[in-house]
Ligand code: ADP
């Protein structure tokens, strides 16, 4: 905090303190004077709790300054000194009991925090009342009875003032060293403020010095505000409502018999609102914590999937990289010949670039998925994705004498998907089929990629006429590390399933009665969701 900001804060506090102390009307209590609505010591309490021990000397100086202004410091120095010491002690109680927890959610926004706050309030009010009683004894050697009555009245007055005003200081948020109170004005907030003002006017303005019949009506806007805005709303409303009796006392003067009754009701209102506010805030904090846990869990799951993907994709990347290296070496050999065929070299190099681009796409897709947990979706023609995937598996299939075919993909409506990831699914499924066929040595081996429209999804099937899925893996096909291949990792299908679920699709498999395995998956149509398209 810069010195200028400190000076401004100190000045604002001092100004408010002096205004509150000087404006508070004085009543006679059994021959002794008492201020029923003095907000000044409560301001010091809240101020010290929020801003820290640095300001304790000022909470001692402020009452002395106020006594100097009204002349009582010079005429009765000892009681004034005692009062200033008690106010600084009250502020110290707030500072050392509430402040260590103030920047944590465990403070007044939790029920435990409210109990701690009221304990500190009672302790500080007791110290203030004792000092006031002792001061009165020093001032005039009276009986102890009226002094006790005065101390009792002062205790109640401080309890109400601190209970109503200090919570606002405790809900102020500290951000980058600054203290803030953020509330966005909405129509509901305006209505709440209106309801509070009208009812407060009815309660405090209309029936002043008569019996306070309609006080219970105030519970209505308070319950509304506390349930909608939690402890922040309750604290702000309490602060505002305290001004009502203060202003009416200044303007019209309260008669003694209504004061105690009004104070007790205000205290009940403060306790009820703060407890209700804490319950609502605590529930919200629990929801926020729960959300944070879920985000953490989702991140962890994503990392897990990402790790699985990374292991399997290392395998996928290996193939285009090896191909790119072979192609580049072939191009070099062509260039070294005495009369290089530049056109052929160019086409070989272009093929090499294609392979490297594919590696880039795979890596980008994985990085995006792991970092943000979101995928870049776009409209895609299923036939384009299948063509690209089949092109990449072609060499392996050709080497094993297996033909790759596609059927019914041209006429399908576009789907909404992450291009690289769906290509990866098709590559995994097709390569699995190719590998199964090449081991089985089936006559006329063929892998068929076909598609059809099923309601509002596209269903793609990858089938082969190989030996089919073995009983060993059939029930756990999509679990990680389930494999029948000596060098297999058993991750391909579990990754395909994760990718499709992230696309709100499904993946399942079955054996074909005539022999062979068939894998089906679904993807939503672009027209159904179309976020990008
Ligand atoms: P991997 O290929 O590393 O074994 P996958 O998760 O891709 O991991 O496959 C798991 C297992 O599923 C394979 O080991 C194989 O036994 C079986 N499988 C997958 N596709 C086929 C298929 N088209 N025909 C027969 N078995 C298959």
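The values are calculated or read from the model by the stated rules, or taken from the named source; none is laboratory data. Computed from a predicted structure; not experimentally measured. Ideal geometry is used to build each Cβ from the backbone, glycine not excepted, and the neighbour counts take in all protein chains shown.
Please find, among 383, 378, the residue that is closer than 23 Å to residue 363 by Cβ and more than 16 Å from the ligand (Cβ to nearest atom).
Testing whether each residue is closer than 23 Å to residue 363 by Cβ and more than 16 Å from the ligand (Cβ to nearest atom) leaves just 378.
Give the number of residues within segment 504-513 that are within 16 Å of residue 431 (Cβ to Cβ) and within 10 Å of the ligand (Cβ to nearest atom).
Total satisfying the criteria: 1.
Given 443, 414, which one is out of contact with any helix residue (DSSP H, G or I) (no Cβ under 7 Å at 6 or more places or on another chain) and away from the ligand (no atom under 16 Å from the Cβ)?
Values: 414 fails: out of contact with any helix residue (DSSP H, G or I) (no Cβ under 7 Å at 6 or more places or on another chain).
Among 443, 414, only 443 is out of contact with any helix residue (DSSP H, G or I) (no Cβ under 7 Å at 6 or more places or on another chain) and away from the ligand (no atom under 16 Å from the Cβ).
Within segment 342-364, track down each residue that is at pLDDT below 90 and over 59 Å from the mean Cα position of the chain (by Cα).
If the condition is that a residue be at pLDDT below 90 and over 59 Å from the mean Cα position of the chain (by Cα), then no residue fits.
Taking only segment 483-518 into account, find how many residues are part of a strand (DSSP E or B) and within 16 Å of residue 437 (Cβ to Cβ).
Number of matching residues: 4.
From the list 480, 486, which residue is in contact with a helix residue (DSSP H, G or I) (Cβ under 8 Å, 6 or more places away or on another chain) and more than 20 Å from residue 406 (Cβ to Cβ)?
The unique qualifying residue is 480.
Report every pair of residues separated by at least 6 positions or lying on different chains whose Cβ atoms are under 7 Å apart, first residue within segment 492-503 and more than 13 Å from the ligand (Cβ to nearest atom), second modelled with pLDDT under 85.
502/375
Of all residues in segment 456-468, which are assigned to a loop (DSSP other than H, G, I, E, B) and more than 8 Å from the ligand (Cβ to nearest atom)?
456, 465
Yes or no, residue by residue, for (1) assigned to a helix (DSSP H, G or I); (2) at pLDDT 90 or above; (3) closer than 23 Å to residue 164 by Cβ:
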site: 33; (1), (2), (3): no, no, yes
site: 55; (1), (2), (3): yes, yes, yes
site: 63; (1), (2), (3): yes, yes, yes
site: 73; (1), (2), (3): yes, no, no
site: 86; (1), (2), (3): yes, yes, yes
site: 93; (1), (2), (3): yes, yes, yes
site: 99; (1), (2), (3): yes, no, yes
site: 109; (1), (2), (3): no, no, yes
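If I ask for residues that are touching a strand residue (DSSP E or B) at 6+ places or on another chain (Cβ under 8 Å) and modelled with pLDDT of 80 or more, which ones from segment 255-267 would you list? Give the derivation first.
Quick first cut of segment 255-267, residues touching a strand residue (DSSP E or B) at 6+ places or on another chain (Cβ under 8 Å) only: 256, 259.
Within segment 255-267, 259 is the sole residue that qualifies.
In this structure, is residue 518 modelled with pLDDT of 95 or more and buried (at least 21 other Cβ atoms within 10 Å of the Cβ)?
No, not satisfied.
Looking only at segment 469-490, decide whether some residue is surrounded by 22 or more Cβ atoms within 10 Å (Cβ to Cβ) and within 11 Å of the ligand (Cβ to nearest atom).
No, there is no match, as no residue in segment 469-490 is surrounded by 22 or more Cβ atoms within 10 Å (Cβ to Cβ) and within 11 Å of the ligand (Cβ to nearest atom).
Can you tell me which residues in segment 431-450 are modelled with pLDDT of 95 or more and under 25 Å from residue 414 (Cα atoms)?
Across segment 431-450, the qualifying residues are 447, 448, 449, 450.
Looking at this structure, is residue 450 assigned to a strand (DSSP E or B) and under 19 Å from residue 509 (Cβ atoms)?
Here the answer is yes, as residue 450 does meet what is asked.
With closer than 15 Å to residue 383 by Cβ and within 15 Å of the ligand (Cβ to nearest atom) as the only criterion, which of 450, 436 stands out?
450
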